[in-house]
Amino acid sequence: DVDCIYEALMNTAMDIDSLEADSHLDEVWIKEVIKKAGMKLKWSKLKQDKVRENKDAVRRPHADPALLTPRSPVVTIMGHVDHGKTTLLDKLRKTQVAATEAGGITQHIGAFLGEKITFLDTPGHAAFSAMRARGAQVTDIVILVVAADDGVMKQTVESIQHAKDAQVPIVLAINKCDKAEADPEKVKKELLAYDVVCEDYGGDVQAVHVSALTGDNLMALAEATVTLAEMLELKAEPTGPVEGTVIESFTDKGRGPVTTAIIQRGTLKKGSVLVAGKSWAKVRSMFDENGKTINEASPSMPVGIIGWRDLPSAGDEILEVESEPRAREVINWRKYEQEQEKNKENLKIIEEKRKEHQEAHRKAREKYGTLHWKERSFIKYQEKKEQKPLKLKEKAERDSHVLPIIIKGDVDGSVEAILNIMDTYDASHECELELVHFGVGDISENDVNLAETFHGVIYGFNVNAGNVIEQSAVKKGVKIKLHKIIYHLIEDLQEELSSRLPYTV
Ligand code: GDP
């Protein structure tokens with residue numbers, strides 16, 4: 001998080017030298033920051049300067065209508081689980097292949113099979129939402145599958161919502177009509193409540209009674225889909241740089257990151273350089289929906305793409321760029337931008353912590369005035385002793401609500417800062433801190449002995465514990481906790497306190 005700290009310094013334009021000397025805490029805080037940042041500061045600044053300018057890749061403006069040519073519809077099958085989506089998709093694809101191969105059928109079913117329908121493998125609803133959230137509109141038509149023996153269910157309603165939000169028209173497939181208990185009319189009536197009005201009821205949604213299992217009426221479903229597609233007059237520009245959307249992405253053992261995508265503009269060729277999300281690709285090879293290698297993919301075609309450096313996500317926009325260096329530039333910018341977002345969040349957290357600690361420091365000063373921290377801690381220690389004359393050791397043994405601690409810091413200021421913060425945390429906890437000992441310098445054998453006697457924990461800030469000391473601590477069952485950031489130490493302390501709280505019902 002060095003970048004983040006660096007940003008913090010830059011943003012607040014803090015002048016280190018002019019820090020008020022009276023605030024030890026701030027001084028300690030800033031010193032931490034500087035130390036951490038120092039090493040990478042230069043590197044981080046260089047890097048930022050290089051990518052600071054937005055050189056992202058974006059979609060081209062709308063095409064000249066003269067360049068547009070008709071394209072096939074991209075269809076997504078949606079519906080409640082077990083209503084027959086997978087079976088239907090499988091059958092529809094086979095029907096399509098069979099119909100195209102047996103040329104004779106074409107005449108019987110009319111012109112519509114001349115158009116090829118691209119059926120998207122049912123993306124999970126989550127994937128569909130993700131795509132929509134990114135503004136990726138890949139689907140032209142939704143085939144809504146509702147089982148006639150089950151009716152409208154939760155995911156049916158969600159599917160309708162998805163389609164409506166994306167303004168994608170619906171063709172209704174009332175499935176499982178082969179079943180004795182099938183009641184297609186009931187389905188149509190139920191759908192009225194969700195503003196899906198079938199033609200029978202005066203609406204414009206075509207409803208087809210089918211059986212994915214027997215294959216009954218699937219041609220009619222295909223015909224309804226193509227009729228709708230024709231009305232939509234779908235067109236795309238087959239030339240120019242490629243634009244598309246990632247439908248799925250996965251890692252293949254042999255081929256590395258692979259995506260399936262829908263091309264929406266331009267024609268994808270081997271060797272094209274693409275960016276998607278925070279990854280880029282030089283297209284090594286492509287395959288169609290049957291896994292066959294292809295050399296080109298034009299609009300509306302689903303295509304498998306191999307050659308990605310990393311794995312893009314479903315819904316990511318694919319854009320062709322002119323060269324590999326250009327792809328790197330785009331990816332660098334996108335990563336930088338993401339980092340900036342993350343930094344902003346981190347900054348907020350740091351700022352909150354800083355305020356908390358400042359407040360603790362202020363309160364302690366109010367209470368103890370200008371007393372030196374050693375005197376002050378002594379007073380505090382005495383106060384506690386008077387309140388509870390019981391000997392610490394006995395108390396700790398008897399009472400699990402006490403956490404005896406030893407604090408060691410690198411300089412006076414840091415010890416003071418920690419004690420100040422402890423003051424405020426202490427009072428607000430059910431479990432109590434007992435300061436057994438504190439001081440400046442590395443962890444010593446004496447500290448370990450004390451901790452052993454009192455069953456305490458040693459906390460060190462910016463100090464070390466030698467090997468010998470550590471081994472001795474392990475032997476004696478004493479915890480030594482070393483930190484380099486104050487709020488980490490305090491957090492650790494709080495965790496330790498919470499762990500000692502009795503279980504409450
Ligand atoms: P999905 O979860 O929506 O993809 O549903 P599936 O395609 O996996 O189908 C769920 C179950 O319903 C499977 O056992 C199918 O064999 C069965 N099924 C699908 N379509 C039909 C149909 O038209 N008639 C009958 N009787 N069963 C069907």
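If only residues of segment 150-194 that are open to solvent by less than 70 Å² (accessible area, probe 1.4 Å), within 15 Å of the ligand (Cβ to nearest atom) and among the small types (Gly, Ala, Ser) are counted, the one that is modelled with the lowest pLDDT is SER159.
Please work out if LYS278 is surrounded by 18 or more Cβ atoms within 10 Å (Cβ to Cβ), within 26 Å of the chain's Cα centre (by Cα) and either within 18 Å of GLY315 (Cβ to Cβ) or without any contact (Cβ under 8 Å) to a residue 40 or more places away in the chain (or both).
Working: surrounded by 18 or more Cβ atoms within 10 Å (Cβ to Cβ): yes; within 26 Å of the chain's Cα centre (by Cα): yes; either within 18 Å of GLY315 (Cβ to Cβ) or without any contact (Cβ under 8 Å) to a residue 40 or more places away in the chain (or both): yes.
Answer is yes for this residue.
The number of residues in segment 317-359 being open to solvent by less than 60 Å² (accessible area, probe 1.4 Å), among the acidic types (Asp, Glu) and at pLDDT 90 or above comes to 2. Looking at segment 136-147, is at least one residue modelled with pLDDT of 95 or more, more than 16 Å from the ligand (Cβ to nearest atom) and of a type outside the set (A, V, I, L, M)? No - not one qualifying residue is present in segment 136-147.
Yes or no: ALA236 small (Gly, Ala, Ser), open to solvent by less than 40 Å² (accessible area, probe 1.4 Å), away from the ligand (no atom under 16 Å from the Cβ) and closer than 19 Å to ALA327 by Cα?
Values: small (Gly, Ala, Ser): yes; open to solvent by less than 40 Å² (accessible area, probe 1.4 Å): yes; away from the ligand (no atom under 16 Å from the Cβ): yes; closer than 19 Å to ALA327 by Cα: no.
So ALA236 fails the test.
For the residues GLU248, GLU289, GLU230, the requirement of being out of contact with any Leu (no Cβ under 9 Å at 6 or more places or on another chain), in a strand (DSSP E or B) and open to solvent by 30 Å² or more (accessible area, probe 1.4 Å) singles out GLU248. The residue that is nearest to the chain's Cα centre (by Cα), among those in segment 201-217 that are open to solvent by less than 40 Å² (accessible area, probe 1.4 Å) and within 10 Å of the ligand (Cβ to nearest atom), is ALA212. For segment 186-220, the tally of residues that are acidic (Asp, Glu) and part of a helix (DSSP H, G or I) stands at 3. Scanning segment 31-88 for residues that are at pLDDT 60 or above, more than 27 Å from the chain's Cα centre (by Cα) and of a type in the set (Lys, Arg) gives ARG60, ARG71, LYS85.
Among the residues of segment 241-248, are any under 39 Å from the mean Cα position of the chain (by Cα) and over 28 Å from ASP310 (Cα atoms)? Steps first, please.
Applying the first criterion (under 39 Å from the mean Cα position of the chain (by Cα)) to segment 241-248 yields 241-248.
Retained after the next criterion (residues that are over 28 Å from ASP310 (Cα atoms)): none.
No, segment 241-248 has no match at all.
Residues in segment 213-240 that are of a type in the set (S, T, N, Q) and under 27 Å from LEU311 (Cβ atoms): there are none.
I need a count of the residues in segment 225-245 that are β-branched (Val, Ile, Thr) and closer than 24 Å to ILE318 by Cβ.
Within segment 225-245, the subset β-branched (Val, Ile, Thr) is 225-227, 239, 242, 245.
In the following step, the residues that additionally are closer than 24 Å to ILE318 by Cβ were identified as 239, 242, 245.
The total comes to 3.
Out of LEU274, LEU311, LEU319, one residue alone is hydrophobic (A, V, I, L, M, F, W, C), in a loop (DSSP other than H, G, I, E, B) and more than 19 Å from THR139 (Cβ to Cβ). It is LEU311. Residues that are in contact (Cβ under 8 Å) with a residue 40 or more places away in the chain and open to solvent by 60 Å² or more (accessible area, probe 1.4 Å) within segment 251-274 comprise THR251, ARG255, listed in sequence order.
The values are calculated or read from the model by the stated rules, or taken from the named source; none is laboratory data. Given the structure is predicted, the values throughout are model-derived calculations rather than measurements. So basically every Cβ, Gly included, is an ideal-geometry build from the backbone, and we count neighbours across all protein chains shown. For accessibility, only protein heavy atoms count, side chains too; no ligands or nucleic acids. Shrake-Rupley method; radii C 1.70, N 1.55, O 1.52, S 1.80 Å.
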